[in-house]
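The values are calculated or read from the model by the stated rules, or taken from the named source; none is laboratory data. All values derive from a computational prediction rather than experimental measurement. Heads up, the Cβs are rebuilt from the backbone with ideal geometry, glycines too, and the neighbour counts pull from every protein chain shown.
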Amino acid sequence: MVLISSIVAVAVFLTSTLSGVLGMAGGLLLLATLLALLPVATAIAVQGAIQIVANGSRAWFSREHIDWRVLGFICIGLAGAAVVLFILRYTPDLAAVCIAIGLMPILVWIPKHWLALDASKPVHAVLCGFLGGGLNLAVGVSGPAVDIFFIRTQMDRRRIVATKAATQVISHAAKVVFYGAVATAMGTGDWILVLIAAPFAVAGTNLGYHILQRLSDEGFHKWTRWIVTAIGIFYMARGLSLLLGA
């Protein structure tokens, strides 16, 4: 238990720092760590609880930059996705989760004129909530899917990171509720992991926030794409390995 707790603590600190800088990608890496340690549904629930703390602290540190109008429309879409998945009685499968996450980075490379999405537009924000929120509930993360709605807006990096952080707080909270039966059945050890991870999530987020202030908007967009792509390749390889029984 000590070894597992130490691994999770380090992973949470590093991934929270990464998310503090880019506004995404950290959750992808954290989920990969938890999937190696816990059953898939439990890993998604635990990651959701930890991400609430990480994203919540990031949203708090940059609260003056949150676009509350955009956030409201995104929440409408998220609610719709939750209703659809609840009706379908969806349950996650590890191979499918990994492959779905592995395919997500394709979205950040789609040329702007092919798919000109903009979270600052109400209809687009609702669609962002529906697709991003739906993916978060279904596979545990949704960074690249949400990012395509933000990376092409006129919003600066601080406003993007702050609004996405607030969005993810609500989305991860919905995920914990959606997997309520799993969360209720989580053992003491699982909740201890969440409690241990919480201060590391805040510390990493704080560090990432300060790094973000030194990063240019051009560098922000460039590094986001490449880091997310590398993570996607890892997930795709693991998903195909599981599917082929390797």
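Before moving on, here are some points about what is shown:
- Top-ranked residue of the stretch 24-44 - restricted to ones that are touching an Asp or Glu at 6+ places or on another chain (Cβ under 8 Å) and of a type outside the set (S, T, N, Q), ranked as surrounded by the most Cβ atoms within 10 Å (Cβ to Cβ): Met24
- Against the list (1) free of Cβ contacts under 8 Å to residues at least 40 places away in the same chain; (2) more than 25 Å from Gly204 (Cβ to Cβ); (3) within 17 Å of the chain's Cα centre (by Cα), the condition Gly77 fails is (1).
- Residue within the stretch 57-76 that is closer than 16 Å to Pro144 by Cα and out of contact with any Cys (no Cβ under 7 Å at 6 or more places or on another chain) present: no
- Filter result for Val123 (closer than 19 Å to Gly72 by Cβ and at pLDDT 80 or above): yes
- Identity of the residue in the stretch 87-117, aromatic (Phe, Trp, Tyr) and under 20 Å from the mean Cα position of the chain (by Cα), that ends up farthest from Gly27 (Cα to Cα): Tyr90
- Applying the condition of being charged (D, E, K, R) and buried (at least 24 other Cβ atoms within 10 Å of the Cβ) to the stretch 158-178 and asking which residue is farthest from Ser19 (Cα to Cα) yields Lys175.
- You will find that of Asp147, Asp118, the residue that is charged (D, E, K, R), closer than 24 Å to Leu103 by Cβ and modelled with pLDDT of 85 or more is Asp118 and no other.
- Test: residue in the stretch 127-148 that is at positive phi and of a type outside the set (D, E, K, R): yes
- Annotation: of all residues in the stretch 122-156 being in contact with a His (Cβ under 8 Å, 6 or more places away or on another chain) and buried (at least 24 other Cβ atoms within 10 Å of the Cβ), the one that is nearest to Ala173 (Cα to Cα) is Asn136.
- Residue count for the stretch 95-126 under the criterion of being free of Cβ contacts under 8 Å to residues at least 60 places away in the same chain and either touching a Ser or Thr at 6+ places or on another chain (Cβ under 6 Å) or under 16 Å from Asp67 (Cβ atoms) (or both): the result is 10.
- Qualifying residues in the stretch 169-202 (those that are over 18 Å from the mean Cα position of the chain (by Cα) and at pLDDT 75 or above) - the one farthest from Leu88 (Cα to Cα): Pro199
- Index of the failed condition, Ala119 passing every other in (1) buried (at least 24 other Cβ atoms within 10 Å of the Cβ); (2) part of a helix (DSSP H, G or I): (2)
- Among the residues here, Thr91 does not qualify as of a type in the set (Val, Ile, Thr), at pLDDT below 85 and over 26 Å from Ala32 (Cβ atoms).
- One residue stands out among those in the stretch 35-69 that are more than 16 Å from Ala162 (Cβ to Cβ) and of a type outside the set (A, V, I, L, M, F, W, C): the one that is farthest from the chain's Cα centre (by Cα), which is Pro39.
- Among the candidates Thr91, Thr33, the residue that is assigned to a helix (DSSP H, G or I), among the β-branched types (Val, Ile, Thr) and either in contact (Cβ under 8 Å) with a residue 60 or more places away in the chain or in contact with a helix residue (DSSP H, G or I) (Cβ under 9 Å, 6 or more places away or on another chain) (or both) is uniquely Thr33.
- So Val10, is it surrounded by 20 or more Cβ atoms within 10 Å (Cβ to Cβ) and over 12 Å from the mean Cα position of the chain (by Cα): no
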